[in-house]
Structure formats: C-alpha cells, structure tokens
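Here is the structure we will look at.
The values are calculated or read from the model by the stated rules, or taken from the named source; none is laboratory data. As the structure is a computational prediction, the values presented were derived from the model and not from experiment. Cβ sites come from the backbone with ideal geometry, for glycine too, and all protein chains shown count toward neighbours.
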Amino acid sequence: MFKSLKRSIKKMFREFLVYHHSSMEYRAKILTLMISSNGEMCECEKQKLKEIAHSIYGDDMERAEILIDTVNEYHTKIITSNGLDFEHLIQLVERETKEVPRFVKKIDIGLLKQLHECIDDEDEALFQQRILEFLQMLKDEYGENRGE
C-alpha cells in the first residue's frame, strides 16, 4: 500500500519530484503517439510498453513505472477527450522537439517499432508507419547532424 501511495504522489507531483521530468514526459508523449494511434491499448502494447520502459531506464524500476503511468495518463486523456487529443499531442511533440533539440535523442525508432508489431489491421499499421516517418523527420530536421 505504501508503494502505491508513494507512486501516486510522485505521479501527481512529477514536475517537482521526478529528476528530468520534462525528458521523461517527452518520451511518454512519443510512446503515446504510437499506442493511441488506433484509439485503444491492447495487451500486446501494454506488454511492449513495459518492456520499452524498463529497457530505457534499466535498473530504475520506479522511473520506468512513472513513464508507464504517464503514457497511460496521456492515452486516457486522448480516448476520453479530456483536455488532449491526438492532433494536439502531435503538435506538442513537434513544438517540444523544436524548442529542446536534445529531445531528438529520445526518439528511438527501433524501440517504437516494437509497438508497431502489435498492430494487425493494415490501415492502423499504415497510420503508425506515418507516425514513425514523422518522428524520423523530426530527428533528421532537429538532430545534432542537421545542416551537414
């Protein structure tokens, strides 16, 4: 019980309590783009999200769980139309990438493709592929090697 209370408090006050919260939230937004592209989160995506979060943060289980919680929070906001929609999330990711170029390093196409494996529907797979292309374009445009 104490662990879930501690996690809830960190979730509510992550801006103040989580080290580099903006970086973690940017990752959550990118993951949410992939997961929310079809409007629902299947069991495969939940499992892949868990694997991705733990591969990103390694031994920091708490940070990985906060990332998962944040993705779930963003996803819920999108599917319930509670202050965030998919197009707005795309705009946020693009704006934050422009404003903080170091965030480009957080876009790991290889990890995101793991979520792409969960999609069976051809149209949904095509839409997710477009999201991957959009993120790759952001990496190319705002990455360290731009203009070379």
Sort through Leu89, Leu126 and tell me the only one that's in contact (Cβ under 8 Å) with a residue 12 or more places away in the chain and either in contact with a His (Cβ under 7 Å, 6 or more places away or on another chain) or part of a helix (DSSP H, G or I) (or both).
Leu89
With surrounded by 15 or more Cβ atoms within 10 Å (Cβ to Cβ) and farther than 21 Å from Lys113 by Cβ as the only criterion, which of Leu89, Leu84, Leu49, Leu67 stands out?
Leu84
Among the residues of the range 133-148, write down those that are closer than 17 Å to Thr32 by Cβ and buried (at least 18 other Cβ atoms within 10 Å of the Cβ).
Leu135, Leu138
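Mind checking which residues of the range 52-64 are surrounded by fewer than 18 Cβ atoms within 10 Å (Cβ to Cβ) and either modelled with pLDDT of 90 or more or assigned to a helix (DSSP H, G or I) (or both)?
Within the range 52-64, the subset surrounded by fewer than 18 Cβ atoms within 10 Å (Cβ to Cβ) is 54-62.
Listed by number, the residues that qualify are His54, Ser55, Ile56, Tyr57, Met61, Glu62.
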Within the range 21-39, is there a residue that is under 16 Å from the mean Cα position of the chain (by Cα), within 17 Å of Glu117 (Cβ to Cβ) and either surrounded by fewer than 20 Cβ atoms within 10 Å (Cβ to Cβ) or modelled with pLDDT under 90 (or both)?
yes
